[in-house]
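The values are calculated or read from the model by the stated rules, or taken from the named source; none is laboratory data. A quick note: this is a predicted structure, and the numbers were derived from the prediction, not measured. Reconstructed Cβ throughout: ideal geometry from the backbone, glycine too, with neighbour counts over all protein chains shown. Ligands, DNA and RNA are stripped out before the accessible areas are found, and what is left, the full protein with its side chains, is counted by its heavy atoms. Shrake-Rupley method; radii C 1.70, N 1.55, O 1.52, S 1.80 Å.
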Amino acid sequence: MSTSIQTVLIYGYGVMGRGVAKTYAEAGFTTLVKSRRAGALADLPAGVTAVERLPETPPDLVIEFVPEDSRVKQAVYAELEAAYPDGPLIASGTSGLDLVELSRKMKRRDRFLGVHYFMPADVAPVVEVMAGLTTSREDVDRVADALRRTGKEPVVLYKPIVGFLVNRLQHAILHEAYYLIEAGVASVEDIDHAARRMLAPRMCLNGLIQQKDISGLKIHADAQESIVPKLFHNAVPNPMLQTMVALGRTGLSAGKGFYDWSGCDAEGVRKQASSQLAKLLEFLKNGIGAPAPRTQPKRLPRS
């Protein structure tokens, strides 16, 4: 039987790496960060050790947070496998790259998986854990167990698919939203208002699928017959968005994206968003009270 994960190495120390390292250290894991800037890092969370070279003793789990470039990531995996031939589980922190392609050159693909955190990593409760092409369920469960010990709520996927679960759902909505903006059907502000005031509250309480059960599947099925054929289906990244990025309109940091952020305190905006999210999550957990008797459905067996 495999032992539980005790030692975690974070490979790469940006905003995400720092947040993830903090969660493991606070939960009592031996937590290391590998960074070329190890000697100069002044903001290490308590209990985290920074190293410039891979330690001789292999950790139980390595999570890489290097740039979203397949070749850069594959170089990291080659370095890790050379240092630890029979060593740790290796997880990619990618949000959108193909795990099967990322592991193509690896010798131990069975030791590879994906772990997708959300920003801010130390606050957002959900983390996705996804198997590679040949990763065992046991090893996926070991990582999920480690995440639970840090206070996270893992979403576990035993089959690899590009984008994990959350990003696939998110991009399906965004692709339609961008089309509605381009076509002049709805404004950016209208779409965000509808998301904040209608979609988000319902999903906070009942999720996406359970809400349809509550509303009634007959109405939903009838609506699908009318609406789904008219949705904007194509396999092309939205040209409006791609053009904006090419012109440097990359959002808050650049001062302009879909909104005009000029004059705003970028760091203040991010801190406020993180603080408000933490307050909302706390309210959803403890502020709305326990479900009333006989209001919670049972899970149906998977077919």
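For this structure, a couple of remarks:
- Matching residues, the range 42-69, being in contact with a helix residue (DSSP H, G or I) (Cβ under 7 Å, 6 or more places away or on another chain), open to solvent by less than 40 Å² (accessible area, probe 1.4 Å) and of a type outside the set (D, E, K, R): PRO45, VAL48, ALA50, VAL51, LEU54, LEU61, VAL62, ILE63, PHE65, VAL66
- Some residue of the range 194-206 being of a type in the set (D, E, K, R) and under 27 Å from ASN238 (Cα atoms): yes
- Conditions (1) within 25 Å of GLN276 (Cα to Cα); (2) among the small types (Gly, Ala, Ser); (3) over 20 Å from the mean Cα position of the chain (by Cα); (4) loosely packed, with under 13 Cβ neighbours inside 10 Å: number failed by GLY184: (1)
- Pair list, Cβ < 9 Å and 6+ apart or interchain, from the range 70-81 residues that are within 17 Å of GLU52 (Cα to Cα) to residues that are open to solvent by less than 10 Å² (accessible area, probe 1.4 Å) and assigned to a helix (DSSP H, G or I): TYR77/LEU102
- Whichever residue in the range 1-41 is of a type in the set (D, E, K, R) and under 23 Å from SER274 (Cβ atoms) and, among such residues, is least open to solvent (accessible area, probe 1.4 Å): LYS22
- Leading residue by the ranking (surrounded by the most Cβ atoms within 10 Å (Cβ to Cβ)) among those in the range 165-181 that are of a type outside the set (A, V, I, L, M) and either out of contact with any Gly (no Cβ under 7 Å at 6 or more places or on another chain) or more than 30 Å from ASP110 (Cβ to Cβ) (or both): TYR178
- Any hit, the range 150-164, residues being of a type in the set (Ser, Thr, Tyr), assigned to a helix (DSSP H, G or I) and either surrounded by 14 or more Cβ atoms within 10 Å (Cβ to Cβ) or free of Cβ contacts under 8 Å to residues at least 24 places away in the same chain (or both): no
- Selection from the range 223-251 of residues that are of a type in the set (A, V, I, L, M, F, W, C) and either open to solvent by 50 Å² or more (accessible area, probe 1.4 Å) or within 16 Å of GLU182 (Cβ to Cβ) (or both): ILE227, VAL228, LEU231, PHE232, ALA235, VAL236, MET240, LEU241, MET244, VAL245, ALA246, LEU247
Matching residues to (1) among the acidic types (Asp, Glu); (2) in contact with a Pro (Cβ under 9 Å, 6 or more places away or on another chain); (3) farther than 25 Å from GLU267 by Cα; (4) modelled with pLDDT under 95:
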residue: GLY184; (1), (2), (3), (4): no, no, yes, no
residue: ASP192; (1), (2), (3), (4): yes, no, no, no
residue: ARG196; (1), (2), (3), (4): no, no, no, no
residue: LEU205; (1), (2), (3), (4): no, no, yes, yes
residue: ILE209; (1), (2), (3), (4): no, no, yes, no
residue: ILE214; (1), (2), (3), (4): no, no, yes, no
residue: GLU225; (1), (2), (3), (4): yes, no, yes, no
residue: ARG249; (1), (2), (3), (4): no, no, no, no
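Okay, residues lined up against (1) among the aromatic types (Phe, Trp, Tyr); (2) over 27 Å from VAL188 (Cβ atoms):
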position	(1), (2)
THR250	no, no
ALA254	no, no
PHE258	yes, no
ASP265	no, no
LEU281	no, no
LEU284	no, no
GLY287	no, yes
PRO293	no, yes
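- Scanning the range 252-292 for residues that are part of a loop (DSSP other than H, G, I, E, B), open to solvent by 80 Å² or more (accessible area, probe 1.4 Å) and modelled with pLDDT under 95 turns up ILE288, ALA290, PRO291.
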